[in-house]
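The structure appears right after this line, and notes come after that.
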Amino acid sequence: MVSAHDPHAASDSPELITRVAALVEARTAAQSGPSPKLVVITGSVAVGKSTFAAALGAELARRSGLSVEVVATDGFLRSEEVLSSEGLLERKGFPESYDAARFAAFLGEVEQGAARLTVPVYSHRTRSADTQRELALPGWLLIEGVYAVQPIRAAGLDACVIYLDAEQADVRAWYFARRRTLRDPGADHTALDVLALRAWEDTNVPNYTAHISLQRAVADLVVVKGADHQLIEVRPRSG
């Protein structure tokens, strides 16, 4: 059983992961060409997108025998120095806080079937994309992040879109738990929790309302999590 207080715990929901993988395979069956089968995973900050992507990727690899790579759009965030200079630091995570040109170039390489891809890697501890990794073009490419659906659609790429959903009260608790796990030992949690609350209310809630939550209605699949991080429901889009 997954602890409700561990935002990084893997979802122990193998039956639903298997069902999601089958639905993804059906949705992407018509995708062809040199580019990989593309899956987009979006949802609120701290809802568990990266953990879900890892679990789904492992199941897709097991079922298909194809290679899987997961890329987080956090790596394409512009630096906090740049955001600060443009007065956008409090809008980190909003569409305008990403390096849209760099992400578009990456998607272009994916579409063209480039043999090797280079992606920036974001660190939640340093709050920056301070490393890069190279990967071979996979059979399945899972892109996860709050900023993923819009640029992929703008690029004209076909993808299975998954919206990872949960009660916002639960997501809020997971957000604060994650912030605490990333702090140095002996940190003043009381003072830092005040800053975390301000970030949640001034940045995350407006971004969720104006941008993130709107993707639920257009997703191919909505996957619902419970307060204990278990996956409890999968809702395919009708029509």
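Using only side-chain charges placed at the Cβ, +1 for Lys and Arg and -1 for Asp and Glu, the dipole size of segment 87-229 relative to its Cα centre rounds to 240 debye.
Phi angles of segment 63-74 translate, via the Karplus equation with coefficients 6.51, -1.76, 1.60 and θ = phi - 60°, into HN-Hα couplings of 6, 9, x, 8, 6, 10, 10, 10, 10, 9, 5, 3 Hz per residue; Gly and Pro are given as x. For the chain, a Kirkwood hydrodynamic radius built from all Cα pairs, placed in the Stokes-Einstein relation at 25 °C and 0.890 mPa s, yields a translational diffusion coefficient of 133 µm²/s.
Residue separation of residue 213 and residue 177 scaled by 0.36 nm, minus their Cα-Cα distance, works out to 10.8 nm of gained length. Extension gain, residue 169-residue 116: 0.36 nm per intervening residue step, less the Cα-Cα distance, totals 15.0 nm.
Rounded to the nearest 20, the size of the Cβ-charge dipole of the chain about its Cα centre is 320 debye, with Lys and Arg at +1 and Asp and Glu at -1.
Exposed loop sites here are GluC sites (Glu not before Pro) assigned a DSSP state other than H, G, I, E or B and surrounded by at most 16 other beta carbons within 10 Å; excluding them, the longest clear run of the chain is 1-85. Over segment 98-175, the alpha carbon radius of gyration divided by the compact-protein estimate 2.2 N^0.38 Å works out to 1.27. Each helix, a run of at least 4 DSSP H residues, gives -39500 (n - 2.57); summed and divided by the residues of the chain, these come to -10500 deg cm²/dmol at 222 nm.
Here segment 43-104 is treated with +1 on each Lys and Arg Cβ and -1 on each Asp and Glu Cβ, and its dipole about the Cα centre works out to around 360 debye.
The stretch between residue 124 and residue 191 holds 22.2 nm of extra length on full extension. This uses 0.36 nm per residue minus the Cα-Cα distance. Compared with the rule-of-thumb size 2.2 N^0.38 Å for a compact globular protein, segment 85-222 has a Cα radius of gyration ratio of 1.18.
Bear in mind these aren't lab numbers, they're just calculated from the coordinates by the rules spelled out. Since this is a predicted model, take the numbers as computed values, not measurements. Glycine also receives a Cβ, built like all others from the backbone with ideal geometry; neighbour counts cover every protein chain displayed.
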